[in-house]
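Data block below; observations after.
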Amino acid sequence: MAVRTGAEARRWAESTLRSAISRGDVVPGQRLIEEELAAEYDVTRSSLRQAIDTLVGEGLVERVKNRGARVRQLTVSDAVEITECRAVVEGLLARKAAERADDDDVDRLRAHVSLMKESLKAGDLVVYSTRISGLYDLIHSVARHPNAIELVERLQAQLVRQQFRLSLRPGRPEQSLAELSSVVDSIRAHRPKDAEDMMRDHLQRVATILADESDPDLGRVHSA
């Protein structure tokens with residue numbers, strides 16, 4: 001494959017690296033070696049460096065003096081503040097979804113909640129955790145608000161490694177299912193204020209749980 005160059009290469013590297021961080025393929029604290037990543041992504045080292053600079057601006061990556069770039073590690077305080085910010089934007093998206101959902105959207109939301117219930121009943125917390133992320137994505141698509149979606153995706157990417165750990169807390173999966181089911185019920189009933197309030201309440205509870213974490217570093221944590 002020919003090496004990508006220019007703006008296309010930068011965008012490709014940026015998107016690919018962001019996705020790798022979001023999936024947890026590149027873990028918090030891991031060094032980003034430009035030469036290796038440029039070869040892996042088939043881009044020039046200059047394009048890779050520009051992509052890293054973009055992710056530094058988003059808070060996903062940090063540059064350490066004399067050490068190069070690495071995936072950012074979050075403190076508990078960082079995670080709580082990011083979740084509080086995310087609560088506001090996710091609340092807006094839930095409101096917009098309640099305003100704009102059509103019959104097909106409602107059917108998709110109902111079906112997805114049923115899948116969440118099935119995975120929780122089966123005790124499959126890995127799948128349940130993945131389906132929580134899928135529900136957020138579905139609400140975002142129904143909301144049809146690109147700027148808010150971009151903002152929340154940047155926030156969510158920083159916390160992507162929390163979700164599985166929170167799902168392991170006794171009683172939390174059942175609680176999160178009840179909270180998110182209420183959000184979906186409000187969207188299906190076209191109650192924008194209720195949908196916004198319930199989504200904010202859900203993520204504020206997540207922030208409270210994070211604040212209670214005893215670990216000083218959430219680098220090994222999996223989102224809500």
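The values are calculated or read from the model by the stated rules, or taken from the named source; none is laboratory data. These numbers were taken from a predicted model, which means no experiment stands behind them. Note: ideal-geometry Cβ built from the backbone for every residue, glycine included; neighbour counts use all protein chains shown. What goes into the accessible areas is simple: the full protein's heavy atoms, side chains included, and nothing from ligands, DNA or RNA. Shrake-Rupley method; radii C 1.70, N 1.55, O 1.52, S 1.80 Å.
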Lysines with Cα under 23 Å of residue 193, excluding same-chain neighbours fewer than 8 positions away: 96
Protection proxy ranking, peptides 4-14, 195-205, average beta carbon neighbours within 10 Å, highest first: 195-205, 4-14
In sequence order, calculated HN-Hα J values of region 90-98 (Karplus, 6.51, -1.76, 1.60; Hz; x Gly/Pro): 5, x, 4, 5, 5, 4, 5, 4, 5
Extension gain from residue 106 to residue 23, taking 0.36 nm per residue of separation minus the Cα-Cα distance: 27.1 nm
Added length on full extension, which subtracts the Cα-Cα distance from 0.36 nm per residue, residue 124 to residue 8: 37.8 nm
Two-site label geometry, residue 53 and residue 204: point separation in nm, points 7 Å out along Cα→Cβ: 4.1
For the chain, accessible area per residue (1.4 Å probe, heavy atoms of protein chains only), Å²: 50
Cut-off under 5 Å, modelled amide H: who pairs with residue 61 long-range: 56, 72
Percent carbon-and-sulfur accessible area, the chain, ignoring ligands, DNA and RNA, probe 1.4 Å: 49
Calculated [θ] (222 nm, deg cm²/dmol) that DSSP helices of n ≥ 4 give over the chain, each run adding -39,500 (n - 2.57): -23500 deg cm²/dmol
At R0 = 45 Å, FRET efficiency that the Cβ-Cβ distance of residue 30 and residue 190 yields, to 0.05: 0.50
